[in-house]
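Heads up, the thing below is written out as structure tokens.
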Amino acid sequence: MDMNKWRFYILSCIWGPLLIAQIVLVFFLGFINETALSILKYAGYALWVISAILGWLPILVLKRKGSVAQGKSYVHTTALVKTGIYSIIRHPQYTAGLLFSLALMLVSQSWLVAIIGVVVITLLYVDIIMADKHEIEKFGDEYRQYMKDVPRTNFILGLIRLLIRRNKA
């Protein structure tokens, strides 16, 4: 693997294990935290569900719409997908990671999980920015236009923009 490709994976080699550490800590600390505020815990569970949807839905969409070669993983798309979840946000799986990390913080309400979560979210966001640069290299001006139309991770803004685009059509 050349150095340019390796740079693309460095951040995930850091935030991935930290996210796993968050999960482990939540299972050891989060579910037994008797002083946790219930409303925050329930908000965390809601975000957890949203993150699960945003994490799995792209697998189906990319496999169907991304011109993936037979036998290849859904990540090996050759076509820019701008429909389905990708008409709302550009990076649903990264957004799922951000929301999942935040959900873990809310469920556990532990300072240690929160500190790790801040690091995970920061590294994930930097990884998202790097992914946009990679997609520009891969798809060029078509991706630049897509970036103008569809937000990076803000799915509420993405839904609003989608509704506006549909009303104009």
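Laid out as a table, the results:
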{"read-out": "In the stretch 69-105, the trypsin sites (Lys or Arg not before Pro) that fall in loop regions by DSSP, at most 15 other Cβ within 10 Å", "value": "Lys72, Lys82"}
{"read-out": "Per-residue Cβ neighbour rank within 10 angstrom, fewest leading, Asp141, Asp127, Asp149, Asp132", "value": "Asp141, Asp149, Asp132, Asp127"}
{"read-out": "Cα-based reach from Lys72 at 21 Å (exclusive), listing lysines while leaving out same-chain residues under 8 positions away", "value": "Lys5, Lys63, Lys82, Lys138"}
{"read-out": "Cβ-placed point charges (K, R +1; D, E -1), dipole of the stretch 90-169 about Cα centre in debye, nearest 20", "value": "380"}
{"read-out": "Rg and Dmax of the chain, Cα atoms only, in Å", "value": "17.5, 52"}
{"read-out": "Ala69-Ala43 FRET efficiency (beta carbon distance; Förster radius 45 Å; 0.05 resolution)", "value": "0.65"}
{"read-out": "The chain: relative contact order as a whole-number percent, Cα under 8 Å and 6+ apart", "value": "30"}
{"read-out": "The chain: calculated mean residue ellipticity at 222 nm from DSSP helix runs of at least 4, using -39500 (n - 2.57)", "value": "-25500 deg cm²/dmol"}
{"read-out": "Prolate/oblate/rounded call for the stretch 76-169, Cα gyration tensor, a/c under 1.5 rounded", "value": "oblate"}
{"read-out": "Highest average packing first - 99-105, 61-67, Cβ atoms within 10 Å", "value": "99-105, 61-67"}
{"read-out": "Kirkwood-type radius of the stretch 46-108, with distances r between different C-alpha atoms, in Å", "value": "12.3"}
{"read-out": "Most fluctuating residue given options Val75, Val113, Val49, as computed from a GNM of the chain linking Cα atoms under 10 Å", "value": "Val75"}
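Taken together, the values in this text are just the output of simple stated rules run on the coordinates, not laboratory data. Worth saying up front: this structure is predicted, and the values here are computed from it rather than measured. Backbone-built Cβ (ideal geometry, glycine too); neighbour counts: all protein chains shown.
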